[in-house]
Protein chains: 2
Amino acid sequence: MSALRWTAAGTDGGARAGVLRTAHGTVPTPVFMPVGTAGTVKAMTADSVRATGARMILGNTYHLMLRPGAERVARLGGLHRMADWHGPILTDSGGFQVMSLSGLRKMDADGVTFRSHIDGSAHRLTPERSIEIQHLLGADVTMCFDECTPFPATEAQTATSMRLSMAWAARCRAAFVPRDGYGLFGIVQGGVFNALRAESVAALTEIGFEGYAIGGLAVGEGQAEMYRVLEATVPLLPADRPRYLMGVGTPDDLIGAVARGIDMFDCVLPTRSGRTARAYTSRGVLNMRNARHAEDLSPLDPDCPCPACQKHSRAYIHHLIRADEILGPMLLTWHNIQYYQTLMGRLRAAILDGRFTEEAAAIRAGWQERAIA
Amino acid sequence: MSALRWTAAGTDGGARAGVLRTAHGTVPTPVFMPVGTAGTVKAMTADSVRATGARMILGNTYHLMLRPGAERVARLGGLHRMADWHGPILTDSGGFQVMSLSGLRKMDADGVTFRSHIDGSAHRLTPERSIEIQHLLGADVTMCFDECTPFPATEAQTATSMRLSMAWAARCRAAFVPRDGYGLFGIVQGGVFNALRAESVAALTEIGFEGYAIGGLAVGEGQAEMYRVLEATVPLLPADRPRYLMGVGTPDDLIGAVARGIDMFDCVLPTRSGRTARAYTSRGVLNMRNARHAEDLSPLDPDCPCPACQKHSRAYIHHLIRADEILGPMLLTWHNIQYYQTLMGRLRAAILDGRFTEEAAAIRAGWQERAIA
């Protein structure tokens, strides 16, 4: 029996290209995983997600355990079958969302009791229950249940929180049922403190995981501080395991994190932006609600193969947004997911060709063009 | 130069099959036109509308004149190009929506002044301006601007209203610019009064139109009364012109109206129902919000080729509706449009095979199955 595994295909400086092999197929890395919160990438069919080149998506334990419920998803054949997504799925542990429910949750050393934001009903998550839920969902990649350290936090607070997460990581490893092509990822915590990050990496590698995530970033520390933590942490991680930066980020964040050795990403930004009239393009970000697009017959992005760009003008998309037509968010979400996939494909090709720095500079220069124009 | 025209392909009792030839292609009739109110069939891409077999859609003059504006649509290349819809489009005249703005509108013999429901701005529609707007939009079928007679109304009120519409019909005919493959339809009014319907048909056929619509029905008179008016009116219409029953209706209404010689339909029912969790199926109407679907692994309709039915369970669609996911309305709208297209295809095939009565009975029997089960 062989667990999910990652193999390198090439490196360029700190950036790595590779292939992740899972029970539901292989995924070229670096990879951006669109977020399918409640069993759907919002405003997209699974077919349209696939059409962007996306090969792996994320599902949310918190949302799915509340509705439709983990046992129900299992009875419906698992998340892959329910959502018609036949590629790999990574599920988060539920920890991040539960910790965000200030006032509605109560932590103890064993786990967290909380109330549903939907109907106020009481629920409990422990490391064991989180792993069980992710098993019921059928996740290819299961994430350890950890405490999300608040930001900002003192070094002492951060240490206490990180050590609790490390204890829980051992419980998650024990609870996880190994299966061919499935894997469990540990999550490095320790906030902005190098020594704590190193202690966390040591604790996790001692336990041993199929991949390592870096948690507790993109919580308000800023891009420079995030990069500093990555530079201090990534070199400590085993070179033969995939590295996942959770909840990140903007296209610029992704380029910077790939340069620092990250292989996997997820973020709600492309989907959420699609529902708030924003389009990521090779020439920067567009606010499609803006009246300057009202008679613009050009596409969102002349370099983009998505249907929004191939079939429609900025003027039409502006009209759809102004008229509150569902097709507006549908087209913008599709475009943004496509943009992120195209971006990751360009970065991967550049790593394999040994021209990552030049490609990153060219992409960033494109964003500047519009700012100048 | 030849205007838009309809040719018969076969009849079975009162039901007719034919082909409508327009500037943007041919359309087999009887045809159901999905409603694309503001330049989009709500929650559908144009590609997905086409995938259901739909060949012709409807656009709304009222909505499009207010936003993005008829002159702007023309500058964007017309409605076909703006919406990526390359088949024929029929536009209504704006009359129905404007008449519905009670309190916000003022009628006179020349036209209607009204305030926009969007921003309260003042606008005016006359027969000439309605025809001009529909020309700017690029409609293959332009509809005469008429007064929608209130329901209920006395015979005297109905007569006055109908005669005003007939005077406006002559002005519409004069204002319409004939072009190859384009056409203008007159609208028969007269409420539930046979003599007034006959007078209206006589007035319109005296003017001469490329097609004839029956207006002022489906406004509360009930199906039996609607059928009675059709039986009194349709035989008076020229047999070589297409007949369009405006704003109708349920699948059962369509069968009954096709039986009475109607060729064309539009209705918001399949799209609106898709956004309110209702699915039309070969076994009746389903309310997908209902908890009984929560673990039902069967498709909405086992006989349906749409993606909602081919790829997903009732349980998943129920989950999407409960979770307020946009994909719920997207899938249900697609399914409902597909259901209407499949229905019209079955009716047309049955007419050509001389078994319309049997097919209609079989379809209606299917709806009963679930009521019994």
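The values are calculated or read from the model by the stated rules, or taken from the named source; none is laboratory data. Because the structure is a prediction, the values reported are computed rather than measured. For neighbour counting, all protein chains shown are included, and Cβ atoms are generated from backbone atoms with ideal geometry for every residue, glycine included. Surface areas here come from the heavy atoms of the whole protein model, side chains and all, with no ligands, DNA or RNA. Shrake-Rupley method; radii C 1.70, N 1.55, O 1.52, S 1.80 Å.
Between the C-alpha center of segment A:182-213 and that of segment A:300-329 there is a gap of 42 Å.
Using θ = phi - 60° in the Karplus curve 6.51 cos²θ - 1.76 cosθ + 1.60, the 3J(HN,Hα) couplings for segment A:97-103 round to 5, 5, 5, 6, 7, 4, x Hz; x is entered for Gly and Pro.
What FRET efficiency do you get for B:T250 and A:R67 if R0 is 30 Å and r is their Cβ-Cβ distance, rounded to the nearest 0.05? The calculated FRET efficiency here is 0.40. Placing a label point 7 Å from the Cα of A:W367 along the Cα-to-Cβ direction, the distances to the matching points in the other copies come to 5.6 nm, shortest first.
For chain A, the alpha-carbon radius of gyration amounts to 0.97 times the rule-of-thumb value 2.2 N^0.38 Å expected for a compact globular protein.
Taking 0.36 nm per intervening residue step and subtracting the Cα-Cα distance, what contour gain separates B:V285 from B:D240 on full extension?
Details: separation 45, 0.36 × 45 = 16.20 nm, distance 3.56 nm.
Separation in residues times 0.36 nm, less the Cα-Cα distance, equals 12.6 nm.
Residues A:S93, A:S121, sorted by accessible area with the largest first, give A:S121, A:S93 [1.4 Å probe; ligands and nucleic acids excluded]. Of all beta bridges that DSSP places with both ends in the protein assembly as shown, some 50 percent have antiparallel geometry.
Working note: Karplus 6.51/-1.76/1.60 with θ = phi - 60° gives segment A:264-281 the couplings 9, 9, 9, 5, 7, 4, x, 6, 4, 4, x, 8, 10, 6, 9, 10, 7, 9 Hz, where Gly and Pro are set to x.
When the solvent-accessible surface of protein heavy atoms is calculated with a 1.4 angstrom probe, in what order do A:I363, B:I118 fall, highest first? Working shown, then result.
Numbers: A:I363 10, B:I118 75 Å².
My answer, sorted largest first, is B:I118, A:I363.
Of the residues B:S2, A:S102, B:S116, ranked by 1.4 Å probe accessible area with the largest first, the sequence reads A:S102, B:S2, B:S116.
Taking a point 7 Å out from the Cα of A:V268 in the direction of its Cβ, the residues of segment A:101-132 whose backbone N falls within less than 18 Å of it are A:101-105, A:115-120. Solvent exposure of the protein assembly as shown, expressed per residue, is 36 Å² of accessible area, with all protein chains present and a 1.4 angstrom probe. Report, in degrees rounded to the nearest 10, the 0 to 90 angle that the Cα long axis of helix A:356-372 makes with the longest principal axis of chain A. The two axes meet at around 50 degrees. Applying a 4.7 Å Cβ-Cβ cutoff to chain B, the cysteines left without a disulfide-compatible partner are B:C148, B:C267, B:C306. Sorted shortest first, the distances from the A:V285 label point to those of the same residue in the other copies are 4.4 nm; each point sits 7 Å from Cα along Cα-to-Cβ.
Given the -39500 (n - 2.57) contribution per DSSP H run of 4+ residues, what per-residue ellipticity at 222 nm results for chain A, rounded to the nearest 500 deg cm²/dmol? Mean residue ellipticity at 222 nm (helix-derived): -12500 deg cm²/dmol. Only Cα pairs within less than 10 Å get springs; with that Gaussian network setup on chain A, which residue of A:A323, A:A218, A:A54 has the largest fluctuation? Checking each option, the largest mean-square fluctuation is seen for A:A323. The amide H of A:K42, built 1.01 Å from its N in the peptide plane, has A:T37 as neighbours under 5 Å, considering only residues 5 or more places off or on other chains. Quick one: helix A:155-175 against the long Cα principal axis of chain A, what's the angle to the nearest 10°, folded into 0 to 90? On a 0 to 90 degree scale, this one is about 80. For segment A:47-72, a reduction of at least 10 Å² in accessible area between the chain on its own and the assembled protein chains (probe 1.4 Å) is found at A:D47, A:R67, A:P68, A:R72.
Relative to the longest principal axis of the Cα atoms of chain B, the long axis of helix B:194-207 makes an angle of roughly 70 degrees. Computed with every protein chain present, the accessible area of A:S100 is close to 70 Å² [probe 1.4 Å]. Counting only protein heavy atoms, what percent of the accessible surface of the protein assembly as shown is carbon or sulfur at a 1.4 Å probe? Roughly 53 percent, rounded to a whole number. Distance from the alpha carbon centroid of segment A:99-128 to that of segment B:215-283 works out to 53 angstrom. Within segment B:86-124, whose backbone N sits under 17 Å from a point 7 Å along Cα→Cβ of B:A170? Zone members listed by number: B:109-111. Using a probe of 1.4 Å, the accessible surface attributed to A:I262 totals some 0 Å² when neighbouring protein chains are kept in position.
Histogrammed with a bin width of 10 Å, the alpha carbon distances of segment B:234-373 distribute as 12, 39, 31, 14, 4, 0 percent, first bin at zero.
Placing a label point 7 Å from Cα along the Cα-to-Cβ direction at B:S116 gives distances to the equivalent points in the other copies of 4.3 nm, listed shortest first. Accessible-area loss of 20 Å² or more (1.4 Å probe, protein heavy atoms, chain alone versus all protein chains) is found in segment B:313-357 for B:Y316, B:H319, B:R322, B:A323, B:E325, B:I326, B:L327, B:M330.
What the Cα atoms of the protein assembly as shown give is an Rg and a Dmax of 30.0, 93 Å.
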